[in-house]
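Notes for the one structure printed next.
Readers should treat all values here as calculations from the given coordinates under stated rules, not as data from a laboratory. Model, not experiment: these values are computed from the prediction.
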Amino acid sequence: GVAGTGYVTESGREGDRRLHAFEVSSGRALWSVDPATLDRKLEGCSVRGEPVVSEGMLVVPMRRNSSVRRVSGALLAGIDLWSGELRWVRPLCSVGVPAFSRAARTAERAIAFEGVVYRTDSLGVVSAVEAETGRPVWVRRTSPPTDMRAFSAFSLQSPNQPWAASQPSR
């Protein structure tokens, strides 16, 4: 099993930023690591959304927000499920962001199917990446979701709810 800790904020992640892998049958810890410390390409990044397991790899969605440069970037990192070692890093996009905008705080999710991880992102990118190697199958730009604050607080479908998430479907 794998669990991420900490709390996602607009600027990154607060608290314990590590991912923890453990044996499900015994609960024995296998490894714990903050992915941002594994490679210079991941400095300033934080885990954003649920990691996905495929092909013995933990595919971790990450985000880098730079308020000074007014840029946000989405990346994926492949971490060996058994050792916790970084195997690959794949930048997906970087976009300019307004100076004083409030980012939507919906969860971002991915799915794995036949060794490929499919992911949508609130920055406006949809991607398919090979789980084992990080090789992009395809990456497409799309319109980011509308402002999440525009949804009614009374709507059951409001993405502002902490349990709400958007993911690709098969």
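Here's how it looks for Trp31: its modeled amide H is under 5 Å from those of Ala21, which are all 5 or more places away or on a different chain.
Kindly identify the stretch 43-92 as rounded, prolate or oblate by the Cα gyration tensor criterion: order the square roots of the eigenvalues as a ≥ b ≥ c, call it rounded if a/c is under 1.5, otherwise compare a/b with b/c, prolate if a/b is larger, else oblate. Here the stretch 43-92 falls in the prolate category.
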